[in-house]
Amino acid sequence: MIYHSVRLTFKPEVPPDERETAIERLRKMGREIDVVESWCVGRDFGGEFEYGAMYALADIEAYDVYMNAPVHLETDAAGLPLVSSFVSLDLTDDDDPDIGDKIADVHRTRFQNRPEVLGLVEGLDSYTGSGVPDDSAAAT
């Protein structure tokens, strides 16, 4: 199982209604992406972030489907321009010693195949974690 989590903080000028619309888009991902086994979206406590989301995915194949699902891409396009700080984290109980590299490959391929997503990510004030673009993604 891979537990994909994101934590985010909105730009200060984003009004409450736009924030709620963006959060609802994260909930929609949990409801509509078939490979999501369970999910939680809500306020984030214990750090510098305002909101977070977690999606449980059975394996790396499900992770890839989730990352490239149309509703995920729509959420990125609508939501990331509203965000200032973002972190992407993955927790897994998968015994595969290469699972970290495989997760990174999903992100790398996504950025190579979808330059518009890479541009959104590069436009954030702060972006850290498992999905951080590297030089090979940025070069393509």
Tell me the mean residue ellipticity at 222 nm calculated for the chain from its helices only (DSSP H runs of n ≥ 4, each -39500 (n - 2.57), averaged over every residue, nearest 500). -13500 deg cm²/dmol
Over the Cα atoms of the stretch 11-113, how large are the radius of gyration and the largest Cα-Cα distance (Dmax), in Å? 14.3, 44
Which of 133, 88, 40, positive extreme of dipole for the stretch 2-138 (C-beta unit charges): 40
Taking the Cα centre of the stretch 2-138 as origin, work out the dipole magnitude from +1 charges on Lys and Arg Cβ and -1 charges on Asp and Glu Cβ, in debye rounded to 20. 500
Throw me the Rg/Rh for the stretch 14-66, computed over C-alpha atoms with Kirkwood Rh, two decimals. 1.04
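Laboratory data are not the source of any read-out in this text; all were calculated from the coordinates shown. All values reported here derive from a predicted model rather than from experimental measurement. Don't worry about glycine lacking a Cβ; one is built from the backbone with ideal geometry, like all the others, and counts go over all protein chains shown.
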